[in-house]
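Enquirer: Dropping the structure in here first, questions after.
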Amino acid sequence: MKCALAIFAKTIGLSPVKTRLAADIGVENAEAFYRLSVKSIEAVARTTAISETELFPHWVLAEQNAVDLVEWSAFPARWTGEGSLGQRLANVSEHLFQNHDAVMFIGTDSPQLGSESLVNALNLLKSAPQKCITGPAVDGGFYLFVSAQLVKRKIWESVGYSLESTLTDLEDSIVKAGGSVSRMKPEQDVDTLEDLITLRKDLRARSCKLLPEQANLLSWLDNHFDSDNKGI
């Protein structure tokens, strides 16, 4: 099963990044975190693609003029296209399904993810290719979505995003359209200072399994928090 891994990302200097986090820790620190987060996700995708030869990472970028920038040269890059998030998810899905048997979506907000998460999602899909596999985020959204069947554009566009009900609404729409869904274990997204504190704990708990880029992120967090998780 040839599966595209579509990593949604933004480009610092062309789009605001981590705006909610920036309100807590300042733009400079939020951008520093974002760079480290992107590098962590890139490393996880690259490592997974080496072991799982059926997985093909792609950057999908918010800005059309960022596609050829050197910072996105690790993987093939394309623009998401214009429109709402639902429209952009549909755009990317329709394009990647032209040359792949399945499409997996992730973002850059969960840098604690390990290769095992992507491998697990792919294995779940292989065992039940008629299902959509979702990774629920603790805030109600999703950190991962993969399907071997093209989800109709009207489903992506019918969902309200950045809501506590986002994933539930998406799954309900898929089921109502005759599909089925299986969930993975929840993971956190990082949007606020409180999320950073939780991320630090998560990374510390699995420090022996971290890739070098994730270890760099943990080091940055350690340097910006004291023992009581106060700082920045």
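Enquirer: Condition first: surrounded by fewer than 19 Cβ atoms within 10 Å (Cβ to Cβ) and touching a residue at least 60 places away in the same chain (Cβ under 8 Å). Can you find one or more residues in the stretch 131-140 that meet it?
Expert: Scanning the stretch 131-140 turns up no residue that is surrounded by fewer than 19 Cβ atoms within 10 Å (Cβ to Cβ) and touching a residue at least 60 places away in the same chain (Cβ under 8 Å).
Enquirer: So residue 78 ticks every box in (1) in contact (Cβ under 8 Å) with a residue 40 or more places away in the chain; (2) among the charged types (D, E, K, R); (3) in contact with a Leu (Cβ under 9 Å, 6 or more places away or on another chain); (4) open to solvent by 40 Å² or more (accessible area, probe 1.4 Å) but one. Which box is left unticked?
Expert: (1) is the only condition that residue 78 fails.
Enquirer: Something else about it: Residues to consider are 110, 84; find the one that is among the polar types (S, T, N, Q), in contact with a helix residue (DSSP H, G or I) (Cβ under 9 Å, 6 or more places away or on another chain) and open to solvent by 10 Å² or more (accessible area, probe 1.4 Å).
Expert: 84
Enquirer: Moving to a separate point now. Looking at the stretch 148-171 only, could you name the residues that are charged (D, E, K, R), farther than 16 Å from residue 130 by Cα and not in a loop (DSSP other than H, G, I, E, B)?
Expert: Residues satisfying the conditions are 153, 154, 157, 169.
Enquirer: Further question on the same structure: Mind counting the residues in the stretch 174-222 that are among the polar types (S, T, N, Q), under 19 Å from residue 32 (Cα atoms) and more than 16 Å from the chain's Cα centre (by Cα)?
Expert: 4
Enquirer: Tally the residues that are without any contact (Cβ under 8 Å) to a residue 40 or more places away in the chain and exposed (fewer than 15 other Cβ atoms within 10 Å of the Cβ), restricting the search to the stretch 35-75.
Expert: Residues flagged as without any contact (Cβ under 8 Å) to a residue 40 or more places away in the chain and exposed (fewer than 15 other Cβ atoms within 10 Å of the Cβ) within the stretch 35-75 amount to 6.
Let's see how each residue does on (1) in contact with a helix residue (DSSP H, G or I) (Cβ under 9 Å, 6 or more places away or on another chain); (2) within 21 Å of residue 85 (Cα to Cα); (3) of a type outside the set (Asp, Glu):
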position	(1), (2), (3)
132	yes, yes, yes
145	yes, yes, yes
158	yes, yes, yes
175	no, yes, yes
180	yes, no, yes
185	yes, no, yes
203	yes, no, yes
211	yes, no, yes
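Enquirer: What number of residues within the stretch 151-162 satisfy the criterion of being open to solvent by 30 Å² or more (accessible area, probe 1.4 Å) and out of contact with any Gly (no Cβ under 6 Å at 6 or more places or on another chain)?
Expert: Residues that pass the stated criteria total 6.
Enquirer: Identify all residues within the stretch 3-34 that are open to solvent by less than 50 Å² (accessible area, probe 1.4 Å), outside any helix (DSSP H, G or I) and not hydroxyl-bearing (Ser, Thr, Tyr); write none if there are none.
Expert: Correct list: 3, 4, 5, 6, 7, 8, 9, 12, 17, 18, 26.
Enquirer: For residues that are at pLDDT below 95 and part of a helix (DSSP H, G or I), scanning just the stretch 205-221, find the one that is most open to solvent (accessible area, probe 1.4 Å).
Expert: Taking the candidates together, the pick is 209.
Enquirer: Quick test for you: out of 37, 93, 117, 110, pick the one residue that is outside any helix (DSSP H, G or I) and modelled with pLDDT of 95 or more.
Expert: Of 37, 93, 117, 110, the one residue that is outside any helix (DSSP H, G or I) and modelled with pLDDT of 95 or more is 110.
The values are calculated or read from the model by the stated rules, or taken from the named source; none is laboratory data. Owing to the predicted nature of the structure, the values given are computational and were not obtained by experimental measurement. When we count neighbours, we look across all protein chains shown, and the Cβ atoms used for this are built from the backbone with ideal geometry, even at glycine. The area values use the complete protein model at the heavy-atom level, side chains included, leaving out ligands, DNA and RNA. Shrake-Rupley method; radii C 1.70, N 1.55, O 1.52, S 1.80 Å.
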